[in-house]
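To start, the structure itself, in structure tokens.
Each reported figure results from applying straightforward, stated rules to the coordinates on display, with no laboratory input. Keep in mind it's a predicted model, so treat the numbers as computed, not measured. Neighbour counts run over all protein chains shown; Cβ positions are idealised from the backbone, glycine included.
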Ligand SMILES: Cc1cc2nc3c(=O)[nH]c(=O)nc-3n(C[C@H](O)[C@H](O)[C@H](O)COP(=O)(O)O)c2cc1C
């Protein structure tokens, strides 16, 4: 078995050791989704303590669809310089940083006044139209491009815990009868589109 302090690689991301900090939401955004100094400090301290790879808390790709009031919105222009500061801070210690991004799905109904969008309609959410799914894919791709520009080493899509992409995969939540529901391939389609379009655009 490899030693945790040994160098390693994930695709072309070279890691100084095999210690990974899994995505953990610290709830340290402001109530309108901006990165705070306390948030940067958490990542500074993780990098300083020797973590080889840090995966951030999940961050929103759409400021109108956030999972809770402290959910940081990556695309908010007010966060651009803070995102650069975040990646530079981590890189200064030789650590790598991957951004985890999300679209809330039914979790969006926790914010008062926000109409949560899900694969299929529920008591407190509305179903995404095809055009809204396309818009969601575009937001993911734009976000991934931005994350590359501000210095992240990679991006992780949040596809668990009942957030939108996991709801698409799960026939319990996805009752669609169009190309985005039904078969496993159809339920995976939105993820496939994000990955294909993002890969083409950041080549
Ligand atoms: C407070 C807290 C916040 C978390 N936030 C996220 C998150 O933003 N994204 C995610 O994918 N997982 C999140 N997780 C799950 C963790 O990344 C991890 O998968 C989970 O704690 C299980 O790992 P463990 O067995 O090493 O504790 C969170 C867990 C906790 C306890």
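Overview of results
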| read-out | value |
| --- | --- |
| Pairs where the first residue, in the stretch 2-30, is under 14 Å from residue 154 (Cα atoms) and touching a residue at least 40 places away in the same chain (Cβ under 8 Å) and the second is within 12 Å of the ligand (Cβ to nearest atom) and part of a loop (DSSP other than H, G, I, E, B), C-beta under 9 Å, 6+ apart | 23/158 |
| Residues within the stretch 79-88 that are touching a strand residue (DSSP E or B) at 6+ places or on another chain (Cβ under 9 Å) and farther than 13 Å from residue 34 by Cβ, tallied | 1 |
| Filtered residues of the stretch 1-41 (kept if surrounded by fewer than 18 Cβ atoms within 10 Å (Cβ to Cβ), within 14 Å of the ligand (Cβ to nearest atom) and not in a loop (DSSP other than H, G, I, E, B)) | 20 |
| The stretch 190-202, residues that are more than 16 Å from the ligand (Cβ to nearest atom) and either surrounded by fewer than 19 Cβ atoms within 10 Å (Cβ to Cβ) or within 12 Å of residue 105 (Cβ to Cβ) (or both) | 190, 192, 193, 195, 196, 197, 199, 200, 201, 202 |
| Listing of strands (runs of 3 or more DSSP E) fully contained in the stretch 81-159 that carry 3 or more residues being closer than 24 Å to residue 70 by Cα and touching a helix residue (DSSP H, G or I) at 6+ places or on another chain (Cβ under 9 Å) | 96-102, 116-118, 154-157 |
